[in-house]
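Colleague: Input: one structure, supplied below.
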Amino acid sequence: MDYGLRGQVAIITGSTSGIGLGLAEALAQQGVNIVLNGLGDREAIEATRAGLSARNGVEVLYHDADMTQPLRIADMVSSTRNAFGRLDILINNAGIQHVAPVDEFPTEQWDRIIAINLTSTFHATKAALRPMKAAGRGRVVNIASAHGLVASPFKSAYVAAKHGVIGFTKSAALEVAQQGVTVNAICPGYVKTPLVEAQIADQAKARGISEEAVMRDVILAAQPTKQFVTVEQLGGLLLYLVSDAGASVNGAALTVDGGWTAA
Ligand code: NAD
């Protein structure tokens, strides 16, 4: 299916792994030029960059902005505009997790989660909206979470940040509603990425049960389908949102969670 995106340019934060990388692939398959971002081994990132480009016949650049650094985030947006002369799509996806009771939650982990999962979304959107407003078209998609709508214990920083992302999404969407720009949030349930795989291992150790039991009885307990969401399923919604067909979806928090938040 052709979503009419060929030749557009997208920045995806936190796209060296997991959901961000999957969304980059979905866009590249539609002929969108990509700016990858994220942490990791430089050689592995270069291999990812070159592979994405060769498979899809699009230009793929990498920017190493650390999402805790506002000036580097602004540089990522301005470098993209210098390289391609346009910026059509921004996906704020970078995120981390830390699990601990509130009274034991390390303050530096709280600050880091708020900086990466929430505040980087503000900095990147701030820099991207100026050129999008000037062009009269743009798409900002924030990867929130089912945890942007409901809570779980021991994830206070993550839940606070993701609720914040949805609030920010709504406010920004109202500001640009008449300028051809939309701002939306996607709220995934559990997707089996390195972020979740680490939690499976940690929870198995903490609870003294097998990883299979953690997946079935702890993680997928909240997800009525009892199946992980896939990055391809998230890609399907993303392509709709960034296409012309998605022009009237604005300020929405769209769930892809197997029914988790319906309960
Ligand atoms: P992941 O760990 O596979 O990927 C996270 C990405 O963010 C990586 O590319 C990493 O390098 C990057 N990153 C981390 N810290 C960074 C920093 N300081 N600067 C720049 N990049 C940084 O995780 P994922 O599961 O793919 O998560 C992606 C997003 O989806 C996150 O916002 C997460 O909260 C959200 N999400 C994930 C799930 C899930 O079940 N996996 C569910 C709902 C929402």
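Colleague: Going down the table (Lys205/Lys226; Lys133/Lys192; Lys133/Lys170; Lys133/Lys162), which pairs top 27 Å between alpha carbons?
Modeller: In this structure, Lys133/Lys192 lie more than 27 Å apart at Cα.
Colleague: Highest mean first, what order results for 158-165, 59-66, 112-119 on Cβ atoms within 10 Å?
Modeller: Result, highest mean first: 158-165, 112-119, 59-66.
Colleague: According to the Kirkwood expression over distinct Cα-Cα pairs, how big is the hydrodynamic radius of the chain, in Å?
Modeller: Averaging 1/r across every pair of different Cα atoms and inverting gives 18.6 Å.
Colleague: Another one. Please compute the modelled spin-label separation between Val218 and Ala134, points set 7 Å along Cα→Cβ, answer in nm with one decimal.
Modeller: 4.9 nm
Colleague: Same structure, new question: Given 0.36 nm per residue, what is the gain on full extension from Ala50 to Glu211 after removing their alpha carbon distance, in nm?
Modeller: 54.5 nm
Colleague: Sticking with this one: Which value in nm describes the separation of the simple spin-label points at Lys126 and Gln109, placed 7 Å from the Cα toward the beta carbon?
Modeller: According to this spin-label approximation, the distance is 2.8 nm.
Quick note: the coordinates plus some simple rules give every number you see, no bench work behind them. In this text, all values refer to a predicted model and were calculated from it rather than measured experimentally. A quick note on method: Cβ atoms are made from the backbone with ideal geometry, for glycine too, and the neighbour counts reach across all protein chains shown.
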